[in-house]
Amino acid sequence: MRVILTLLLLFASPALADSSLPPARWANEQLPDPAQEARAKALMEELRCLVCQGQSIADSNAELAGDMRALVRQRIAAGESPDQVRAWLIERYGDWVSYRPPVEPLTWPLWAAPLLLVLAGAWLLRKRLVRRRG
Amino acid sequence: MNRLTRFLPLFILFAFVGAVAWRLSSPADEKIQSKMIGRAVPAFTLASAVPGKPGLSSKDLASGSPRMVNVFASWCVPCIAEAPLLAELKARGVAIDAIAVRDRPEDVAQFLAERGDPFMRIGADPESRAQLALGSSGVPETFIIDGKGVIRYQHMGPIEPGDVSALIKQWEEAR
């Protein structure tokens with residue numbers, strides 16, 4: 001019984017929620033211009049996949065991430081700057097879509113956190129540091 | 001160092017663990033709402049997704065009366081679940097167009113034959129470009145667009161029986 005089940009599972013086709021279309025042309029193909037490709041790649045690593053929300057579109061296998069990579073490459077190839085492409089996506093999905101948070105009042109605590117944590121650590125260690133020096 | 005400050009790091013640890021445990025037990029809403037609500041439909045022109053039915057362009061959506069745009073795909077399982085409710089919306093007088101994401105004409109035709117066809121126009125979006133332009137992050141999603149072509153409402157995920165009246169209300173308000 002177990003053998004039959006295993007065999008059945010081996011040949012079962014997975015029920016993937018994926019389309020039957022191949023990836024978009026520029027989803028996995030590099031741009032011919034290395035400088036443009038480098039800019040596109042750097043941007044893709046800072047854009048968040050809408051489907052698997054913890055990954056960048058550079059890392060994600062989701063089809064929508066592939067289409068987003070194609071969009072980034074097409075727009076960079078058409079002469080747009082990475083900041084313009086990022087702004088286009090932020091216009092639609094908010095700051096959420098970008099892994100580079102803007103510096104604004106809402107995100108000041110985020111940017112200040114590393115400094116505050118180092119200061120807090122120094123305060124906790126202050127006695128030991130002083131003692132060792134003496 | 002007095003007793004209270006000595007335990008401060010421990011209190012901070014408890015607060016941190018508490019915060020993490022709380023977020024794990026009640027996860028945040030992961031839906032990413034489109035920021036395009038309240039703005040004009042971005043320009044797009046999509047070819048017909050299925051023979052015998054016109055394609056969809058952003059100009060079709062500024063027709064003077066509100067329209068619903070369903071973003072769907074034949075390969076999308078929740079789209080099957082919402083099909084009868086789209087039929088109900090159509091029966092109640094809602095004009096519905098569609099964008100078929102990453103789909104093939106024969107697959108769309110088969111899906112419509114099996115699940116019903118409440119759509120006036122269906123545009124083919126093979127590289128999800130119109131979907132991304134609308135700020136949509138998956139299938140199925142449903143937008144309500146007023147007569148001037150301004151996006152008024154976005155419903156994310158399949159339409160469930162309890163959503164129909166809210167969608168009708170939004171559609172009435174977009175008049």
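Taking segment A:2-28 as the range and being at pLDDT 80 or above and over 18 Å from the mean Cα position of the chain (by Cα) as the test, the residues that pass are A:ASP18, A:SER19, A:SER20, A:LEU21, A:PRO22, A:PRO23, A:ALA24, A:ARG25. Among the residues making up segment A:45-92, those that are within 14 Å of the chain's Cα centre (by Cα), within 14 Å of chain B (Cβ to nearest Cβ) and farther than 20 Å from B:ASP125 by Cβ are A:ARG48, A:CYS52, A:GLN53, A:GLY54, A:GLN55, A:ARG86, A:ILE90. Segment A:25-122 holds helices (runs of 4 or more DSSP H) entirely within its bounds, and those carrying 2 or more residues that are among the β-branched types (Val, Ile, Thr), buried (at least 16 other Cβ atoms within 10 Å of the Cβ) and touching a residue at least 12 places away in the same chain (Cβ under 8 Å) map to A:63-77.
Counting only helices (runs of 4 or more DSSP H) that sit completely within segment B:90-175, those holding 1 or more residues that are more than 14 Å from chain A (Cβ to nearest Cβ), surrounded by fewer than 19 Cβ atoms within 10 Å (Cβ to Cβ) and in contact with a Pro (Cβ under 9 Å, 6 or more places away or on another chain) correspond to B:105-115, B:164-173. For segment B:43-57, the criterion of being closer than 22 Å to B:GLU173 by Cβ, in contact (Cβ under 8 Å) with a residue 12 or more places away in the chain and out of contact with any Cys (no Cβ under 6 Å at 6 or more places or on another chain) is met by none of the residues.
The values are calculated or read from the model by the stated rules, or taken from the named source; none is laboratory data. The shown structure was predicted, so the numbers you read here are calculated from the model rather than taken from an experiment. Glycine also receives a Cβ, built like all others from the backbone with ideal geometry; neighbour counts cover every protein chain displayed.
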